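The values are calculated or read from the model by the stated rules, or taken from the named source; none is laboratory data. Source: prediction; values computed, not measured. So basically every Cβ, Gly included, is an ideal-geometry build from the backbone, and we count neighbours across all protein chains shown.
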Amino acid sequence: MTADARDHDRSMLERAVRTALRGHGEAEPNPSVGCVIADAAGRVAGEGRTTRPGGPHGEIVALRQAGTAARGGVAWTTLEPCNHHGRTPPCVDALIEAGIARLVVGSVETNEVASGGIARLRDAGIEVEIRSDVDAVRRLHAGFHRRVSTGRPWVVTKWAETFDGALATPPGVSPWISGRRALRMVHRERGRVDAILTGIGTVIADDPRLDARDVRRRRTAKRIVIDPDLQFPADAAMLRTPGGEVVIACRPEAATCNPDAVHGLEAGGARIIPVD
């Protein structure tokens, strides 16, 4: 394969990632898969992303858009097409039936239940190339692969600091280190994740709402606070703001010694979890 052809495959996989990101946060627990299909002449005929659970995967959306133009064409998918019948039929069956001649896969399926798609496609005479070197694809599916392979969540850490490494500005200076663009990015991520975690120090100092504002909210995240001594204010903004469940993790003895506080917080809608 020529360098130009490899660059074209990379470009199309990155396009598939951009398509997938339009649904990021909606498809879970399924991965948000993006797919682009070009006809035999190289013209883009269809593209799609995985919809909500139970809905069509990205490959199916793209195939429906492409119609008969998919026959003899090329498909680029961010993840190996599924090979099992869950809420929807296997994507490999649809790709084979559509007559796709070549498939470029950005990452291999780590879920054993859904894997095997590449082998089936090759057995059907379809040329399959695996391109695991595209950073955008790795970032897109990093959380999915981690959850499937380890059972652990993918954690996104957010902080702001000045060029000289300070996390706060001097007294009298604007408290905002980051700008509107960063703030919008943070709220976009809040609308895509399952939970938002912070400490009691931040709650006491800033009284945050920990919700997603002025963006399209695809998920409503739980709001989790690490509060060892159960200092959570009963009038905190989180308890007065519609949104995800408020979960407060404290030491067992803190909950035992402060029954009135526990009752008040639970009455306000919070859930208290004693953690050793």
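Observations, loosely collected:
- Of all residues in region 188-211 being aliphatic (A, V, I, L, M) and assigned to a helix (DSSP H, G or I), the one that is nearest to residue 255 (Cα to Cα): 200
- The test for being at pLDDT 95 or above, hydrophobic (A, V, I, L, M, F, W, C) and exposed (fewer than 15 other Cβ atoms within 10 Å of the Cβ) holds for residue 204.
- Scan of region 120-150 for residues that are farther than 22 Å from residue 12 by Cα and aliphatic (A, V, I, L, M), ordered by number: 124, 148
- Within region 212-276, strands (runs of 3 or more DSSP E) holding 2 or more residues that are modelled with pLDDT under 95: none
- Close pairs (9 angstrom Cβ cut-off, 6 or more residues apart or separate chains): in the same structural domain as residue 225 (by TED's automatic domain parsing) and within 19 Å of residue 222 (Cα to Cα) in region 245-268, assigned to a helix (DSSP H, G or I) and of a type in the set (Lys, Arg) anywhere: 268/240
- Selection of region 39-72 for residues being assigned to a loop (DSSP other than H, G, I, E, B) and buried (at least 19 other Cβ atoms within 10 Å of the Cβ) yields 50, 56, 57.
- If only residues of region 97-135 that are of a type in the set (Val, Ile, Thr) and touching a His at 6+ places or on another chain (Cβ under 7 Å) are counted, the one that is surrounded by the fewest Cβ atoms within 10 Å (Cβ to Cβ) is 113.
- Hey, residue 137 in contact (Cβ under 8 Å) with a residue 60 or more places away in the chain, in the same structural domain as residue 240 (by TED's automatic domain parsing) and within 18 Å of residue 32 (Cβ to Cβ) or not: no
- Within region 207-241, the residues that satisfy the criterion of being in contact with a Gly (Cβ under 6 Å, 6 or more places away or on another chain), of a type in the set (A, V, I, L, M) and surrounded by 14 or more Cβ atoms within 10 Å (Cβ to Cβ) are 212, 215, 221, 226, 239.
- Hey, residue 77 touching a residue at least 12 places away in the same chain (Cβ under 8 Å), among the hydroxyl-bearing types (Ser, Thr, Tyr) and not assigned by TED's automatic domain parsing to the domain that holds residue 189 or not: yes
- Taken as a whole, the structure places residue 83 among residues that are in a loop (DSSP other than H, G, I, E, B) and farther than 30 Å from residue 187 by Cβ.
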